[in-house]
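I have placed the structure first, in the form of structure tokens, so that the comments after it can refer back to it.
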Amino acid sequence: MPVPSSAEATVLPQGSSHERFRITERLPLTLHVVFWALIAAAAANIVFNGVGLIGFNAASYVARTHEIEALNHETRLPDSKVLSGFVVVLILIVLLAAAEVVLAFLVRRGRNGARIVVTVFLGLGVVQRVAQQPTGPAFVFAFFLSALALAIVWLLWMPSSNRYIRAAGAARKRYRSERLAAEPLHPAAWVPDPSGRHQYRYWDGAEWTHHVGDDGVGAVDPLHSEAPPSTP
């Protein structure tokens, strides 16, 4: 067990590669429908909220402008500030739609947390549309979105969806356990001393030894640690 010198010894490669986790359970039809329905709902929300916001605020702004100009009691709000406000709100609408798309992919991966978030998200959307009390064409569109949201929630919690999400969760836990169990120990070798007191310490393949080395000179220094070095 010759002690390596600083010129001879090399740092062993760190880390190990693992195959990416894959769900072997077949995706049920209910979650297939949910995935595409969420994508459609995200696009529809952009149209509904975006067009509704622009139409409502534009009309309100024009009416308010005429009132201000007629009474001449205060200064008209600059068009640039109104436009900036519209842009900010529209960006938020797009970001919410993007979040809905991300959640759709997570649900398809069997993430129960994403399913719960989608349920709450869609439920709040239905409450919002009811509170707005739209009329005319807006009412028809709001009714369509609310019906779609309720249908998605119903499909999310169907027995076939529950089985898939439970199976995906169990497979994910099993994968983590198997990966940890299959993690190989570092082979016996001189490696950098984890305590930092010396250049190298000998790992015998199962535990740290008290043999240390500095510039090719061996010594003894016990180390009370059970953590193995990184796998090459």
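The values are calculated or read from the model by the stated rules, or taken from the named source; none is laboratory data. What you see is a predicted model, and the numbers here were worked out from it, not measured in a lab. When we count neighbours, we look across all protein chains shown, and the Cβ atoms used for this are built from the backbone with ideal geometry, even at glycine.
Among the conditions (1) over 30 Å from the mean Cα position of the chain (by Cα); (2) of a type in the set (A, V, I, L, M); (3) modelled with pLDDT of 65 or more, A114 misses just one, which is (1).
Has region 44-65 got any residue that is exposed (fewer than 15 other Cβ atoms within 10 Å of the Cβ), modelled with pLDDT under 90 and either on the phi > 0 side of the Ramachandran plot or outside any helix (DSSP H, G or I) (or both)? Within region 44-65 (the criterion being exposed (fewer than 15 other Cβ atoms within 10 Å of the Cβ), modelled with pLDDT under 90 and either on the phi > 0 side of the Ramachandran plot or outside any helix (DSSP H, G or I) (or both)), the answer is no, since none of the residues qualifies. Scanning region 119-142 for residues that are in contact (Cβ under 8 Å) with a residue 24 or more places away in the chain, within 20 Å of V47 (Cβ to Cβ) and assigned to a helix (DSSP H, G or I) turns up L122, G125, V126, A138, F141, A142.
In region 143-167, the residues that are more than 18 Å from V130 (Cα to Cα) form Cβ pairs under 9 Å with partners that are surrounded by 13 or more Cβ atoms within 10 Å (Cβ to Cβ) and among the acidic types (D, E), at six or more places apart or across chains, as follows: R163/E25; Y164/E25; A167/E25.
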